[in-house]
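Working notes, structure below.
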Amino acid sequence: MSRASNNSGLKQGVIDGLPLLGGYIPVAISFGVIAVQAGFSTLEATLISVFIYAGASQFLLVAMVAAGSPLWLAVCMNLLVNVRHVVYGPNLVPYLTQSKAWPYLMHGLTDQIFALAHTRLPQLDDSKKVEWFKGVSMVAWLSWILGTAIGGVAGESLTQQWPVLDSVMPFALPALFLVLLAPKFSNKRWCATLLVTITMALVIALGPFKNAAIPFAALCGALTFYVLTSHIERKQSHAN
Amino acid sequence: MQTETWIAITVAAIGTYALRVGPLLWTQRHFNKHKADNTEARLPTWLSVLGPLMIAAMLGASLIPKAPSGASWVATAVGAFVTALVWRKYRSLGLPVFCGVLSFGLAFVLLA
């Protein structure tokens, strides 16, 4: 990927965040529709998006509350779905500055923002990093909130009017992940590891345990990486 | 909405934020301690390997079309191929994503 340009950090962040709109807005509209159908008002659905701001777990929480599940169980399941976030922050630390703003900005650390930040932050000057993160996460957060509100007010008629857009726009997310991951396909070990991870996630997500797809596939990938690494090391020690 | 439901949503929101910020603060403290001791801090290998793998897993899970059908799967393959091709040529972020979505949309409409 090209090095970050001469734009200000905030502007660069906003530009880098634009591809997220294609994925975030249709999903947020769906969330707004489902939350209203489940008995939440548009304001309540929007506030959930403001404060929880974690896609899949919001759907799960709303569905469980609507189904009359015990609230403690709904909260536990919500946190279980979000537990994958614990590896995101530490992976960004080597690229962060000493600014005190980072902990506050972590509310915006979604899957997609992590993927973007993990690739972009190492390329940015230290002076631009906080502003870049503010720009990219504001685009994502505001689009998620706006999408939820639109979904609550007029989502059903919108998706009925433009069903093709509803199906096409979400492709922005896999396209973005592919671009972010492409530089990692640099050697045989990483190629094999990434292909195993992608395939495992795809297969698991097609089954009934969709929410387990990301952490489980990542663990399978890690196992592949270690098996290949130890195989290479063994081969090297034999050669010596 | 009932007060108990709001309490549950508040706990879920605080818990989600804690999952995002807690590990970051802990790792920052670990790095700062090494800095003060003039030693180099490094992430454990397993943790630094997990970063790209989480992105790969997100890619795999997000490849499933919203409305799975023969046409949408072929469109997904076309979109992924075009995205990779444009990235290879331009090594940028926005253009490959734009071309990928456009080609996915065209293939989806033509095949549906």
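Summary value for region A:2-169: 48 percent relative contact order, contacts being C-alpha pairs under 8 angstrom separated by 6+ residues. A simple rule links phi to the HN-Hα coupling: the Karplus curve 6.51 cos²θ - 1.76 cosθ + 1.60 with θ = phi - 60°, which for region A:81-88 gives 5, 8, 5, 4, 5, 5, 8, 6 Hz, with x for Gly and Pro. Size of region A:1-122: Rg and Dmax of its alpha carbons, in Å, are 16.7, 53.
Compute a Gaussian network model of chain A, connecting alpha carbons closer than 10 Å, and tell me which residue from A:W72, A:W190, A:W132 fluctuates the most. Sorting by GNM fluctuation, first place goes to A:W72.
Just checking the listed ones, A:G89, A:G13, A:G147: in the Gaussian network model of chain A with Cα springs under 10 Å, the one fluctuating most is A:G89.
Karplus-derived 3J(HN,Hα) values for region A:206-223, using 6.51 cos²θ - 1.76 cosθ + 1.60 with θ = phi - 60°, are 6, x, x, 9, 3, 5, 8, 4, 5, x, 5, 5, 5, 5, 4, x, 4, 4 Hz; glycine and proline are entered as x. Proximity of backbone amide H atoms, modeled 1.01 Å from N, is registered between B:S92 and A:S2 at under 5 Å, excluding neighbours fewer than 5 places apart on the same chain. Output the 0 to 90 degree angle, nearest 10, between the alpha-carbon long axis of helix A:42-51 and the longest principal axis computed from the alpha carbons of chain A. Compared with the principal axis, the helix lies near 30 degrees. Angle of helix A:172-181 to the longest C-alpha principal axis of chain A, folded into 0 to 90 degrees and rounded to 10: 20°.
A simple rule links phi to the HN-Hα coupling: the Karplus curve 6.51 cos²θ - 1.76 cosθ + 1.60 with θ = phi - 60°, which for region B:68-85 gives x, 7, x, 4, 6, 5, 5, 4, 5, 5, 4, x, 5, 4, 5, 4, 5, 5 Hz, with x for Gly and Pro.
The modelled label-to-label distance for the pair A:E233/B:A77, using points 7 Å beyond Cα in the direction of Cβ, is 3.9 nm.
List the trypsin sites (Lys or Arg not before Pro) in region A:1-110 that DSSP assigns to loop (not H, G, I, E or B) and whose Cβ has at most 13 other Cβ atoms within 10 Å. Which are they?
Values: sites: A:R3, A:K11, A:R84, A:K100; in loops: A:R3, A:K100.
Here the sparse-neighbourhood loop sites are A:R3, A:K100.
For B:D37 and A:T199, the FRET efficiency from 1/(1 + (r/R0)^6), where r spans their Cβ atoms and R0 equals 35 Å, is about 0.25. In nm, give the distance between the simple-model label positions of B:A67 and A:L223, each being 7 Å from the Cα along the Cα-to-Cβ direction. Roughly 3.7 nm, to one decimal. Mean residue ellipticity at 222 nm from the helices of chain A, using -39,500 (n - 2.57) per DSSP H segment of n ≥ 4 over the full residue count, to the nearest 500 deg cm²/dmol? The per-residue figure over chain A is -24500 deg cm²/dmol.
Approximating the spin labels as points 7 Å out from Cα along Cα→Cβ, the B:W26-to-A:N7 distance works out to 3.5 nm. Distances between every pair of Cα atoms in the protein assembly as shown, grouped in 20 Å steps from 0 to the bin holding the largest one, split as 28, 60, 11, 0 percent.
Once the mean of 1/r is taken over each pair of separate Cα atoms and inverted, region A:187-240 shows a Kirkwood hydrodynamic radius of 11.9 Å. Computed FRET efficiency, Cβ-Cβ of A:F185 and A:W162, R0 35 Å: what is it to the nearest 0.05? That gives a FRET efficiency of 0.50. Taking A:L116, A:L180, A:L219 as the candidate residues, the one with maximal mean-square fluctuation in a Gaussian network model of chain A, Cα springs under 10 Å, is A:L219. Helix A:55-66 and the longest principal axis of the Cα set of chain A meet at an angle near 40°. Extension gain for the segment A:T97 to A:W72, taken as residue separation times 0.36 nm less the Cα-Cα distance, is 5.3 nm to one decimal. Here the relative contact order of chain B, from alpha carbon pairs under 8 Å that lie six or more residues apart, stands at 18 percent. Peptide B:23-31 has a mean of 6 when you count, residue by residue, the C-beta atoms of other protein chains within 10 Å of its C-beta.
Per the helix-only calculation at 222 nm, which mean residue ellipticity applies to chain B, given -39500 (n - 2.57) for every DSSP H run of n ≥ 4 and division by its residues, nearest 500 deg cm²/dmol? All intermediate terms of the calculation are to be shown ahead of the outcome.
Details: 4 runs with 91 residues, N = 112.
Theoretical 222 nm ellipticity from helices: -28500 deg cm²/dmol.
Measuring how big chain B is from its alpha-carbon positions, Rg and Dmax come out at 21.5, 63 Å.
Every read-out reported here was derived from the displayed coordinates using simple, explicitly stated rules and does not represent laboratory data. All values reported here derive from a predicted model rather than from experimental measurement. Here the Cβ is made from the backbone with ideal geometry for all residues, glycine too, and neighbour counts use every protein chain on show.
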